[in-house]
Amino acid sequence: MQIFPPTQTSNQPLWEGDSLPPLRMLDEQPVVPQPIAAASKAPITAPTPKAEPKAAKPAGSWFQKYSVVLLFVALLSIPAYFVASRFIVTAVVVQGRSMMPTLKDGERYYLNRWRYLFVSPQRGDIVVIRDPGHADFAVKRIVAQPFDWINLKNGHIYINGRRLEESYLAQDTRTDAPDLKEKWIQLGADQYYVMGDNRSNSEDSRFYGRVARKNILGHLIK
């Protein structure tokens, strides 16, 4: 390969610094510098992404989302009410005058079924029983407990030989047997003797006898 000095004509411009261009090979093409384009004065900014439109919620989406929850709550409410009313608390309305003056006809109370799951019924408790005389329910007061001896004499009640003090009765109230004779009653296991506070207008154990523990439904409370 032969090396030739650069040639120059009068019409050819000088290289940078008004000097001849550097040596080049015979088969090499002359390199002509390209002018650098002027930078645009306008600032270059990144394109702003377009916000995608939110999809419209279909009608009834709230109901569809919570319908299973609502159905589940409704299904649980029925057995919960049944369990609560049968084993915990039940609203009752007093009917009749057998418990006057303590309870009046039409008054509303609550029956606590839960209490007697832990303690036994006590003398003096006002309870709701399955009425043996009418096959329905009645509100009465317990006057004697299992294994007590009851003596009805001279208008008073004696329990195990001692007179029962009943401050809840109206003044001058008498407690007599239906035939006005003296009576002796002994209670066995799980047996109770109940009476209404309105002794002259109450159908109670003096008429239908002892009440079994299983027939006492609960304790009446305000």
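The values are calculated or read from the model by the stated rules, or taken from the named source; none is laboratory data. Keep in mind it's a predicted model, so treat the numbers as computed, not measured. Positions of Cβ are backbone-derived with ideal geometry, glycine not excepted, and every protein chain shown enters the neighbour counts. For the accessible areas, the whole protein counts, side chains as well, though only heavy atoms, and no ligand, DNA or RNA atoms are used. Shrake-Rupley method; radii C 1.70, N 1.55, O 1.52, S 1.80 Å.
Here the Kirkwood formula, the inverse mean of 1/r across different C-alpha pairs, assigns region 120-161 a hydrodynamic radius of 11.8 Å. Normalised by the number of residues in region 109-215, the average gap of Cα pairs under 8 Å and 6 or more apart makes the relative contact order 25 percent. Between ALA189 and ARG163, the C-beta separation translates, for a Förster distance of 30 Å, into a calculated FRET efficiency of about 0.75. For region 84-160, carbon and sulfur atoms together expose 53% of the accessible surface, with a 1.4 angstrom probe and every protein chain in place. Within region 193-209, whose backbone N sits under 15 Å from a point 7 Å along Cα→Cβ of ALA177? What the label zone holds, given the 15 Å backbone N cut-off, is 205-209.
Got a sec? Which residues in region 130-157 would a label at THR90 touch, if it sits 7 Å along Cα→Cβ and we count backbone N under 15 Å? Label zone hits: 130-132, 135-140. Pairs exceeding a 26 Å alpha-carbon distance, out of LYS104/LYS183; LYS181/LYS214; LYS140/LYS222; LYS104/LYS181: LYS104/LYS183; LYS181/LYS214; LYS104/LYS181.
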